Amino acid sequence: MKLQADRALAYRRSEIRVLFDAAAKTPGALRLEVGEPSFTTPSHIIDAAAKAAHDGHTGYGPNGGLLSLRELLVEKLFKVNEISAEIDEVVVTPGGMNALYSTFGILLEPGDEVLLPTPGFPNMDEMIRLYSSKPVFYHLKAETSFLPDLDELKSLVTPRTKVLFINSPSNPTGCVFDDKTMTALVEFANQNDLWIVSDEVYDELVLDESVRHVPAARFDDDGRVISIFSFSKVYAMTGWRVGYLVANRQVADLARTLQEPQVSCPSTISQKAAEAALTGPRAPIDAMLTSYRKRLGLALEIATNNKIRAVKSAGTIYMLLNVGDYGSTGDVKFALDLLKSHKVSIAPGSVFGPGGIGMVRISLAASESTIEKGIIGIADFLKKGGR
Ligand SMILES: Cc1ncc(COP(=O)(O)O)c(C=O)c1O
């Protein structure tokens, strides 16, 4: 029997998973490769989900999410993101990942091109290829504070360009786009008649208290921005799989319809947990943010003391370290050698596309001592010629 699914066979697994698997088999490994909050879900959310299950919320729900959750999301979007959305413009999905997959399924024809950032969230280019479409990278460079370069974007547009994908706060750079950048990006999309898929799953994880997250949808006046949010990172709810998209009514209706053949509906129990996350106490959520901020400060200090140039993240739960200064590419081999010799597991820069070469990403979602020992291990490895 021959497998005919060429697209599936061509799918490349994220190489962060290679490190993840290797680290899992390395006793005592310092785990800095993962994008997983170090906290379990706050207990009031878990309790609310258990109660909801006992109260009978264990069946299928509507394709696009429970009305009660979408009502709360409309409030959240208004208060937190200053986005005015109608209830039917919000579609709840099993994680931000499914919101992205559904969105690209609605927008892309085979051969369409999508502008993607590099370094950027690694799953995106493979997702675009699964739709027989073409990822086209634009660069986020340290010299320009990891902000998109409008001239480069203009130079990449072809008659097949359909979507501009943006991600702020950005994984892995930690950059948070300002008002001016967002306005210019929406204007660029208007001029070139592109959709914007704006991945804002780290919207409430702004680490630099002097900046604010700016949602792209705030500048959208003709419904070309599709915003993607998630409960995963902000509320330490990665395993519950609840995300949502906000889009114009036509896109939202299609997204709801496409839930049926993919997942039927998001988990009802998880949606009840998400409701508790939105209505419950903020203190546990704020405490997690405070920890990430503290760890960022610590990581920067240790990196500097050990002569590694670090990128000061303004948001997310990650930090980039520059290993290129030591002549290293920070690729998968570098990461596996580092794991073998110093038991430090990092995300190789190469997984974030060509723009990630010369860097590695560490997670701020590890304990302070893991972060400290991990950076010291990386520095030692580099000084000994790790490349
Ligand atoms: C930039 C970005 N977008 C989307 C996701 C997907 O998150 P989830 O599916 O857990 O909501 C992630 C997860 O790491 C991410 O980093």
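The values are calculated or read from the model by the stated rules, or taken from the named source; none is laboratory data. Note that the structure is a prediction, hence the values are computed from the model and not measured. All Cβ positions, even for glycine, are placed from backbone atoms using ideal geometry, and neighbour counts span all protein chains on display.
Observations, loosely collected:
- Residue in segment 283-302 that is within 23 Å of Gly95 (Cβ to Cβ), crowded, with 22+ Cβ neighbours inside 10 Å and of a type in the set (Val, Ile, Thr) present: no
- Segment 83-105, subset within 11 Å of the ligand (Cβ to nearest atom) and part of a helix (DSSP H, G or I), residue farthest from Leu164 (Cα to Cα): Gly95
- Residue among Ile371, Ile362, Ile317, Ile378 that alone is β-branched (Val, Ile, Thr), outside the structural domain of Leu140 (by TED's automatic domain parsing) and more than 23 Å from the chain's Cα centre (by Cα): Ile378
- Scanning segment 338-374 for residues that are surrounded by fewer than 24 Cβ atoms within 10 Å (Cβ to Cβ), touching a helix residue (DSSP H, G or I) at 6+ places or on another chain (Cβ under 8 Å) and not aliphatic (A, V, I, L, M) returns Ser341, His342, Lys343, Ser350, Gly353, Gly358, Glu368, Glu372.
- Cross-chain or 6+ apart pairs with Cβ under 7 Å, segment 37-61 first and farther than 27 Å from Arg256 by Cβ and modelled with pLDDT under 95, then buried (at least 16 other Cβ atoms within 10 Å of the Cβ) and among the β-branched types (Val, Ile, Thr): Pro37/Thr238; Pro37/Ile317
- Among the residues making up segment 226-273, those that are among the small types (Gly, Ala, Ser) and on the phi < 0 side of the Ramachandran plot are Ser227, Ser230, Ser232, Gly239, Gly243, Ala247, Ala252, Ala255, Ser267, Ser270, Ala273.
- When Val206, Val211 are screened for being among the β-branched types (Val, Ile, Thr), within 16 Å of the ligand (Cβ to nearest atom) and out of contact with any Asp or Glu (no Cβ under 6 Å at 6 or more places or on another chain), only Val206 passes.
- Residue match in segment 112-122 (condition: at pLDDT below 95 and more than 25 Å from Arg218 (Cα to Cα)): yes
- Selection from segment 219-244 of residues that are β-branched (Val, Ile, Thr), in a strand (DSSP E or B) and near the ligand (Cβ under 10 Å from one of its atoms): Ile228
- Members of segment 113-126 found to be within 16 Å of the ligand (Cβ to nearest atom) and either of a type in the set (A, V, I, L, M, F, W, C) or not in a helix (DSSP H, G or I) (or both), listed by number: Val114, Leu115, Leu116, Pro117, Thr118, Pro119, Gly120, Phe121, Pro122, Met124
- Close pairs from segment 110-130: first within 20 Å of Lys154 (Cβ to Cβ) and of a type in the set (A, V, I, L, M, F, W, C), partner near the ligand (Cβ under 10 Å from one of its atoms) and at pLDDT below 95, Cβ under 6 Å, at least 6 apart: Leu116/Met124
- Taken over segment 127-142, the criterion of being within 15 Å of Ile357 (Cβ to Cβ) and either over 16 Å from the mean Cα position of the chain (by Cα) or away from the ligand (no atom under 16 Å from the Cβ) (or both) is satisfied by Phe137, His139, Lys141, Ala142.
- Residue within segment 335-350 that is of a type in the set (Val, Ile, Thr) and either over 16 Å from Phe20 (Cβ atoms) or in contact with a Pro (Cβ under 7 Å, 6 or more places away or on another chain) (or both) present: no
Residues checked against (1) charged (D, E, K, R); (2) farther than 20 Å from Thr290 by Cα; (3) in contact with an Asp or Glu (Cβ under 9 Å, 6 or more places away or on another chain); (4) modelled with pLDDT under 95:
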| residue | (1), (2), (3), (4) |
| --- | --- |
| Leu164 | no, yes, no, no |
| Ser168 | no, no, yes, no |
| Asn171 | no, no, yes, no |
| Glu187 | yes, yes, no, no |
| Ile196 | no, yes, yes, no |
| Ala216 | no, yes, yes, no |
| Ile226 | no, yes, no, no |
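- Filtered by the rule that a residue be small (Gly, Ala, Ser) and under 11 Å from Ser264 (Cα atoms), segment 51-66 gives Gly61, Gly64, Gly65.
- Meets criteria (buried (at least 22 other Cβ atoms within 10 Å of the Cβ) and farther than 26 Å from Val211 by Cα) for Thr103: yes
- Of all residues in segment 300-312, those that are assigned by TED's automatic domain parsing to the domain that holds Glu368 have Cβ atoms under 8 Å from Cβ atoms of residues that are surrounded by 18 or more Cβ atoms within 10 Å (Cβ to Cβ) and of a type in the set (Phe, Trp, Tyr), 6 or more apart or on another chain, in Val311/Phe146.
- Screening segment 251-261 for residues that are exposed (fewer than 15 other Cβ atoms within 10 Å of the Cβ) and in contact (Cβ under 8 Å) with a residue 24 or more places away in the chain and picking the one that is nearest to Thr103 (Cα to Cα) gives Thr257.
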